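Laboratory data are not the source of any read-out in this text; all were calculated from the coordinates shown. Being a predicted model, the structure only gives us computed values, none of them experimental. Neighbour counts run over all protein chains shown; Cβ positions are idealised from the backbone, glycine included.
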Amino acid sequence: MTGLVAGDSVPVHILRFFDALTCERASAAHIVAATSRWLGRAVAVRYAGTVHAADGTGSAGHSWPEHISATSSTADGVVVGLGGAADDEDWAVLQRLALCVTLALDEAARHGSLMSEQRTVDVLTTDTESRAARRSAAAHLGLSAEQPARVLLAHGPASRITRLAEALRRGGVRVMSAPRHQLTVMITIGPRVATLLQQGVPTGVQLGISRELPVIDAPTAVVEALAALRFSQPSPRDRGPYLIEEGVAFEYWRLRGYEALAEGMTPELIDRMHDVRALDRVLAESGPDMLRTLDVVVASTSIRQAARALDTHHNTVAHRVAAAESVFGFFLTDCYGRGRLYLAIVLRRLRESHRLTH
């Protein structure tokens, strides 16, 4: 089905649906998502090199779906398509869909509202923007205000963060991102975010992850992700899985009140603490393997358990622990020692992350 051709009159229910979208000045992305949910079918629009697509649930994407059975185009270069078996009403749906999208693009061009993804993410995640502005930004992306989303805050080399975002997209997660100071803000939509991050985070990238919240509450999610980032560490390797104590992709729900430490402890205060200074000395003398060893030892009940987690001979781990104990001045493997070591590790992470957030 190509070209918009005249035929029988357009059914009233189709007119009403698309007229309502036009009256609310919906964006092209929102029109595609809403039409997809309405029909329970894949819907796609392509114009000026941009693609907006959605499956039968309205879940958005930016590549042309493989199973499009009916397409149409306008003289302005807007191409629309529907998935699934074609029926007699498809020409009318395609006609009104193309018209609705064309009007939305004209309206956006007149008012300069064709926001870039970066600008849209900025609006959604900034607490000084009104809820109405955030609701409009969500619609611009084809999202409802109540769409569940997680915010990720990432720090590390830009090329590696881009690689991470691409891996998430290949895994079926929608990712929208924008730089913010030394960090990258990523709004993610999809159920497999945590699973995909466990599979691999590029070396040197650290992440804070919010709870899943409605996209309209993205500013709250940013606060949560920032608190989680303060307790994270750069990924030591490209491939997972990662132990919880490594802190590669730290989730906010794991803090359970520890965020108060991040709020109250300054780098100057942390530097005054004996155990943190001892930890600095141990790491300076022993190298990066020592940090991972201590991360695991603090979460283990024995040297042998830590050695299994590290895939290292227990004598090697015992030697490293003994070397650290000679600096700390207490045993690291009893309950009291593990508690002091854990606090020193956490405070060091907070000190190291301070420069990222201030």
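Would you mind counting up the charge near His62? Only other residues with Cβ under 11 Å from its Cβ, with Lys and Arg at +1 and Asp and Glu at -1. Display every interim value, and only then the final one.
Working: positive: Arg46, Arg169, Arg174; negative: Glu117.
So the surrounding residues net to +2.
From the mean inverse distance of alpha carbon pairs (Kirkwood) and the Cα radius of gyration, derive Rg over Rh for the chain. Could you put the intermediate results ahead of the total?
Numbers: Rg = 25.8 Å, Rh = 23.0 Å.
Computed over Cα atoms, the ratio is 1.12.
Using only C-alpha positions, report the orientation-averaged shadow area of the convex hull of region 265-357, nm², one decimal. Numbers along the way, then the final one.
Details: hull surface 23.5 nm².
So the Cα hull casts an average projection of 5.9 nm².
Please arrange Tyr342, Tyr336, Tyr252 by how many other C-beta atoms lie within 10 Å of their C-beta, fewest to most. Don't skip to the answer; put the middle values down first.
Working: Tyr342 17, Tyr336 10, Tyr252 22.
Sorted ascending by nearby Cβ count, the order is Tyr336, Tyr342, Tyr252.
Could you compute the FRET efficiency for His67 and Phe330, with r as their C-beta to C-beta distance and R0 at 56 Å, rounded to 0.05? Please list the in-between numbers first.
Numbers: r = 64 Å, r/R0 = 1.15.
Once the sixth-power term is evaluated, E becomes 0.30.
Under 5 Å between amide H atoms, partner at least 5 residues away or on a different chain: which partners does Gly56 have, H built in plane at 1.01 Å?
It is Ala42, by chain and number.
Trypsin sites (Lys or Arg not before Pro), restricted to region 243-342: which are DSSP loop and have at most 13 other Cβ atoms within 10 Å? Working shown, then result.
Numbers: sites: Arg254, Arg256, Arg272, Arg277, Arg281, Arg292, Arg304, Arg308, Arg320, Arg338, Arg340; in loops: Arg256, Arg272.
Filter output for region 243-342: Arg256, Arg272.
Under 5 Å between amide H atoms, partner at least 5 residues away or on a different chain: which partners does Thr203 have, H built in plane at 1.01 Å?
Correct list: Asp238.
For region 86-93, in order, what is each residue's ³J(HN,Hα) by Karplus, 6.51 cos²θ - 1.76 cosθ + 1.60 with θ = phi - 60°, in whole Hz (x at glycine and Pro)?
Taking θ as phi minus 60°, the curve returns 6, 10, 5, 8, 4, 4, 5, 4 Hz for region 86-93.
Quick one: what are the phi-derived ³J(HN,Hα) couplings along region 338-346, Karplus 6.51/-1.76/1.60 with θ = phi - 60°, whole Hz, x for glycine and proline?
Couplings: 5, x, 5, 5, 4, 5, 5, 5, 4 Hz.
Does anyone have the angle between helix 288-297 and the longest principal axis of the chain? Alpha-carbon axes, 0 to 90°, nearest 10?
Between helix and principal axis, roughly 90 degrees.
Using Cβ counts within 10 Å as a stand-in for footprinting exposure, how do Glu268, Glu224, Glu107 rank, fewest first?
Working: Glu268 9, Glu224 23, Glu107 15.
So the residues, fewest neighbours to most, are Glu268, Glu107, Glu224.
Between Ser326, Ser144, Ser210, find the one with the highest GNM mean-square fluctuation for the chain; connect C-alpha pairs within less than 10 Å.
Ser326
If each residue's Cβ is checked for other Cβ atoms within 10 Å, how do Thr203, Thr35 rank with the fewest at the top? Mind showing how you got there, number by number?
Details: Thr203 15, Thr35 26.
The most exposed by this proxy come first: Thr203, Thr35.
Against the longest alpha carbon principal axis of the chain, how many degrees, from 0 to 90 and to the nearest 10, is the axis of helix 274-286 turned?
Approximately 90 degrees, to the nearest 10.
For the chain, set up a GNM with springs between Cα atoms under 10 Å and report which of His62, His13, His314 has the largest fluctuation.
Largest GNM mean-square fluctuation: His13.
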